[in-house]
Amino acid sequence: MPDFKNRVLSFFLVGIMLVFILLALIVGGLVHYNVKEKRLQSYHSELQLVSLAAVNKDTGLLEKQLDRAEKDLGGKLLYLSPKGKVLAQSKSEKEAVPDQPLNGLDEYKGSSLVSTKDMDRLVYTLPVKNQTSGSLEGYVQLVIPEKTANSTERSIWLAMSLGFLISLVIILFVSIRVLNRIVKPVEEATSTAKELARGNFKARTYEYKGDVGELNFSLNVLARNLEKMTKSYESQQDRLKTLIENMGSGLILIDSDGYITIVNRAFKEIFKEYTDSWTSHLFHEVFPYKEIKEIVEDTFIMETNIRKQVVLPFHIERKNFDVYSAPVLNSLGKLRGIVLVFHDITELKKLEQMRKDFVANVSHELKTPVTSLKGFAETLLDGADGNPEIRKKFLTIMWNESDRLQHLIQDLLDLSKVEQGFSLNLQKVSLSTIVEEVIVMLETKAQEKEITIKYSAEGNTMIEGDSPRLKQVFINLINNSLNYTPKGGRITIRLKESSEKVTFSVSDTGIGIHKEEVSRIFERFYRVDKARSRNSGGTGLGLAIVKHLVEAHRGRIHVKSKPGEGSTFTLVFKKEFND
């Protein structure tokens with residue numbers, strides 16, 4: 001802003017100087033002309049008085065007139081004959097007069113005053129004529145230094161210059177005061193406007209009185225209105241952001257060009273690592289699900305609300321979503337974007353399916369052992385108990401079926417507990433110790449199937465966990481590998497420590513799992529090979545229990561499998577439970 005003030009002041013002063021110069025030229029010309037004319041008139045009058053005395057032949061009067069004129073004019077006066085001879089002169093010796101002041105007297109035939117210049121002196125000559133005959137009787141001549149002749153004009157110029165200088169100083173002082181009065185409010189208004197442009201709506205400027213302060217007053221009104229509008233906008237944005245981030249359903253906002261602009265926290269929690277870099281990307285580049293892409297494309301094309309239920313795979317499970325897609329239109333009805341809302345209805349679907357399947361599954365699972373027990377009991381009651389060999393065989397079968405029934409009931413009870421919630425008895429436990437105990441427990445079963453178990457542990461496998469629950473997890477996973485691995489197969493068990501985690505994996509050379517079945521193996525009563533599972537005494541609840549127990553320990557489960565080549569179950573546990 002000082003630059004602005006300096007530019008205004010400079011422009012103003014240049015304008016004043018131009019006016020002053022123009023005025024000086026005009027006034028100077030007039031002064032020079034008028035002073036010169038007045039001076040010539042004065043010289044002419046004095047020389048005429050001298051010429052009158054010369055015509056009257058009064059020598060005394062002539063000398064007096066010469067002396068008086070010399071005092072008045074400040075130069076040497078001479079009375080010359082027509083031939084140029086000095087007949088009389090003033091008594092002052094200020095100027096040395098040459099013997100022949102006039103050169104070429106023929107030039108002075110007129111009656112007017114003639115001016116010539118001799119070096120640094122001015123010579124004014126007036127012819128003296130007889131009033132009766134008109135004959136030339138001589139000349140009256142004034143010899144005056146040029147400096148003396150121009151002294152009056154020089155004094156006037158000096159006075160004018162001093163006056164102009166004083167006027168310039170006064171105008172400069174007044175201009176600075178006026179500019180300060182005008183420019184200062186403008187400077188403050190500009191500074192405030194810059195702060196407002198930066199987003200500082202609390203900036204204010206001093207309100208000056210008069211017309212000059214109208215700008216500052218209006219700017220303050222604008223600043224107050226902007227601050228009020230900004231606060232209102234920020235409040236609405238905060239409320240909207242809080243609503244979007246804390247709503248229980250996942251939400252995505254897509255603009256009219258197909259770019260994702262908003263992904264709320266609930267959606268990120270549902271889709272986990274997939275959503276970290278979705279913002280500012282085209283939806284069809286980042287959406288991994290064909291069903292969602294089709295919903296968005298249909299909404300863009302039809303510009304109508306679309307609601308659809310979809311099932312999406314997530315690692316080892318599948319989730320059900322009620323997807324609601326709606327176009328966002330402006331006041332003119334033009335499409336501005338699309339909002340997608342994902343309602344996770346997995347639990348509702350599970351409950352609905354559980355209501356349908358529970359009775360069928362449980363009755364189906366209970367039917368086989370109960371039917372066996374009832375059938376063999378009837379056979380024994382009908383007289384088969386008379387044969388000791390048959391009786392022993394039937395009783396052994398009844399024992400196995402009752403044992404199977406007991407396992408099924410126990411698994412149901414365990415699953416019910418973990419689903420309803422339970423507290424872990426956390427303590428420092430060694431996963432290698434637990435796994436070794438489980439291997440010892442299942443070693444006999446492995447030997448019966450001639451299955452080789454290879455076990456290795458790397459690093460410190462201590463974590464915070466519930467030892468009995470972890471033991472149940474490892475039993476179920478290793479027992480499953482034994483059940484689904486054919487005779488002569490191999491099972492590899494590994495424990496490995498990393499910086500903050502411990503990883504457990506069990507790999508087998510069993511029948512394997514199809515890709516579309518991987519997300520379902522942790523469902524209750526789901527079996528990859530139902531006949532093999534029943535023959536091995538499986539209930540179909542083991543992996544469901546494993547999933548709940550691992551999640552309770554804040555761990556993760558990964559499954560890799562190929563049909564006919566075997567499966568690998570990997571568990572990842574944090575060393576510190578609270579991390």
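The values are calculated or read from the model by the stated rules, or taken from the named source; none is laboratory data. These numbers come from a predicted model, not from an experiment. For neighbour counting, all protein chains shown are included, and Cβ atoms are generated from backbone atoms with ideal geometry for every residue, glycine included. For the accessible areas, the whole protein counts, side chains as well, though only heavy atoms, and no ligand, DNA or RNA atoms are used. Shrake-Rupley method; radii C 1.70, N 1.55, O 1.52, S 1.80 Å.
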Seminar exercise, completed: Surpassing 27 Å at the alpha-carbon level, of the pairs LYS308/LYS334; LYS272/LYS547; LYS319/LYS496, are LYS319/LYS496
Problem set entry | Label-to-label distance, nm, for residues given as SER499 and ASN400 (7 Å Cα→Cβ offset) | 5.3
Problem set entry | Accessible surface of ASP298 - all protein chains present, 1.4 Å probe, nearest 10 Å² | 70
Exercise. Points 7 angstrom from Cα along the Cβ direction at GLN236 and LYS487: gap in nanometres?
Worked result: 7.7
Problem set entry | Ordering of 232-245, 435-448 by packing [mean C-beta count within 10 Å, highest first] | 435-448, 232-245
Exercise. Efficiency by 1/(1 + (r/R0)^6): what FRET value for ASP72 and LEU13, r their Cβ-Cβ distance, R0 = 41 Å, to the nearest 0.05?
Worked result: 0.35
For this session: With a 10 Å radius around each residue's Cβ, average the other Cβ atoms per peptide and rank 35-48, 542-555, highest first.
Result: 542-555, 35-48
For this session: For TRP399, TRP278, give the ranking by accessible area with the largest first, probe 1.4 Å.
Result: TRP399, TRP278
